[in-house]
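Have a look at the structure below before the remarks.
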Ligand SMILES: C[S@@+](CC[C@H](N)C(=O)[O-])C[C@H]1O[C@@H](n2cnc3c(N)ncnc32)[C@H](O)[C@@H]1O
């Protein structure tokens, strides 16, 4: 066990699935829009909620701007294809992407899965308020490592936004197998997350760190080639965006 803050009470549960669900359900109940924000910002929220939200909106706006530079051409090429977002969280990315889809009259179908019931409710409300829910017909509960109802090679693209580093080893490995299975040849996979030397989340739980590097992703995705990662700052943390292309003709 490492020293440091005690595990969140909801973490004292049996298996990863229950752990992850409880953790994320609790986080969105407690922090609402900042549920998926980095810890530093949630600390600011405790003393100055308005300031924390201002920073969050600005930072997430910048992150999405950079992201869309990379995702835009992929989406334009999708035509009437299918895109999946795994771990949509509080739905900020989903919302911004759907706005682009509507503005540009893109015809691809967008679906999202997340392990947390509360995140699902939250994001549904956000999208409903903005009249965007109808553009994401399949927003549902699901586990990154077990997307059984999604057919092999049926997705043009999959997006993992700040979720990979939350997946415990076996979950991460299985989840990447699912990515490999469901993306069609010629399709793409976009990952953005902090690639750190330590992972405070797993340390808090007394688990050995899950340290992942870009090469780990490359090793697990032998049928893909990747572009050079792009570095972007989000709430003073260094994030990398990696775009993988699945080999073969779509
Ligand atoms: C940091 S949030 C990411 C939010 C969003 N993608 C973004 O970039 O703003 C991580 C999300 O991953 C979800 N999650 C964690 N483990 C998961 C799993 N094994 N399968 C599916 N979703 C999971 C959590 O419920 C949470 O909503």
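Tabulated data
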item	result
Packing-based exposure ordering (other Cβ within 10 Å, fewest first) of 128, 184	128, 184
Antiparallel DSSP beta bridges within segment 9-246, percent to nearest 5	45 percent
Using distinct alpha-carbon pairs, which all enter the 1/r mean, Kirkwood radius of segment 9-246 in Å	18.2 Å
Exposure proxy order (Cβ contacts within 10 Å, fewest to most) of 39, 94	39, 94
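Any read-out appearing in this document is the output of simple, stated calculations on the displayed coordinates, not a laboratory observation. Here the structure is a predicted model, which is why all the values come from computation and not from measurement. Quick reminder, even Gly has a Cβ in these numbers, built from the backbone with ideal geometry, and neighbours come from all protein chains shown.
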